[in-house]
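The values are calculated or read from the model by the stated rules, or taken from the named source; none is laboratory data. For clarity, every value in this text was computed on a predicted model and none was experimentally measured. Here Cβ is always computed from backbone atoms with ideal geometry, including for glycine, and neighbour counts include all displayed protein chains. Each accessible area value is taken on the protein alone, full model and side chains, heavy atoms only, with ligands, DNA and RNA left out. Shrake-Rupley method; radii C 1.70, N 1.55, O 1.52, S 1.80 Å.
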Amino acid sequence: MNNDPQRPPLYLLALLGQGIQGSLSPQLYEQEARRQGLRCAYQLLDFTQRGWADDRLPEVLDSLALLGFTGCNITHPFKQQVIPWLDELSPQASAIGAVNTVLFQNGKRIGHNTDCDGFITHFSQGLAGENIHRVVQVGAGGAGYAVAYGLLAHGVDHLMLHDRDPARSHSLQQQLARHFGEQRISVTENVAGALADSDGLVQATPIGMTGHPGMPVDIDWLQPRHWLADVIYVPRETELVKKARAKGCRAIVGDGMVVHQAALAFQLYTGHAPDTASMSQVFQQAG
């Protein structure tokens, strides 16, 4: 922050993750700050590009705090790994068990989760009117925790979880059961069978993202009656989304989620309400 009363405050922000060179976060935050007469400098701290091991995460957090950063965003694969290195969690981040936004405030590191509300806002707008009685979710990582929590809070009657690592699915099931009851969440190893008895699919794995090619589920398991929500936004349309839409499925991609979660984080960092429509326009133009 800048102490010169003649100049607007400077917000130093960063994104911590792996393979994040395609992130549009710098444009989203810096341009919204500029639009509001604020100053913001946003850095991508890509552990992959810099050759940093995962265990350097606490060291990087220490450095950001020491250098006077306002905060940082957290993405794959650190949304759960970061928690032991924080001083406090917001009630929602604690309930979800994952963090995507860290504030350095009054000498403390405070973890928040804006992914959850960001996803549900996008979901409510993009898939309005769809049935949500029974939903299948593939992916039980950091983003998966936020999305699953949001779906159940939004009113999904029963959520079926699948991850390539069954231990992760069961861990997420246990986390959610503490807040929503065991009867509303189950783990499935038979995704095809689960989809046959569901309204839609949430795709919360990195599969299909740039650098992570492939399909998280067999396209034959989806029927035109299904809806699809994919959290990936790089590329804008994954192979799964393209093929699902070709089959007649109504589908949304991760662009709205990333804009809405960024808008919520922007307000946490700056105390200023952002113009989400303006941030969405920046996102579309930058892509």
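Of note:
- Here R134 meets each of (1) on the phi > 0 side of the Ramachandran plot; (2) open to solvent by 50 Å² or more (accessible area, probe 1.4 Å) with one exception, condition (1).
- Restricting attention to segment 243-262 and to residues that are among the basic types (K, R) and part of a helix (DSSP H, G or I), the residue that is surrounded by the most Cβ atoms within 10 Å (Cβ to Cβ) turns out to be K243.
- Exactly one residue out of S198, S186, S280 is closer than 20 Å to Y149 by Cα, outside any strand (DSSP E or B), open to solvent by less than 50 Å² (accessible area, probe 1.4 Å) and at pLDDT 95 or above, and it is S198.
- Residue in segment 167-178 that is under 23 Å from A251 (Cβ atoms), in the same structural domain as F123 (by the TED database) and either part of a strand (DSSP E or B) or of a type in the set (D, E, K, R) (or both) present: no
- Helices (runs of 4 or more DSSP H) within segment 25-75 that include 3 or more residues buried (at least 16 other Cβ atoms within 10 Å of the Cβ): 25-35, 57-66
- The single residue among Q43, Q36 that is of a type outside the set (D, E) and touching a residue at least 60 places away in the same chain (Cβ under 8 Å) turns out to be Q36.
- Count - residues of segment 225-241 that are in a loop (DSSP other than H, G, I, E, B), of a type in the set (A, V, I, L, M, F, W, C) and surrounded by 23 or more Cβ atoms within 10 Å (Cβ to Cβ): 2
- In this structure, S169 does not qualify as buried (at least 18 other Cβ atoms within 10 Å of the Cβ) and more than 23 Å from the chain's Cα centre (by Cα).
- With respect to the conditions (1) farther than 26 Å from G129 by Cβ; (2) modelled with pLDDT of 95 or more, H212 lacks only one, and its number is (2).
- Among the residues of segment 91-131, those identified as open to solvent by 20 Å² or more (accessible area, probe 1.4 Å), of a type outside the set (D, E) and in contact with a helix residue (DSSP H, G or I) (Cβ under 8 Å, 6 or more places away or on another chain) are Q92, F104, R109, H112, I120, T121, H122, S124, Q125, G126.
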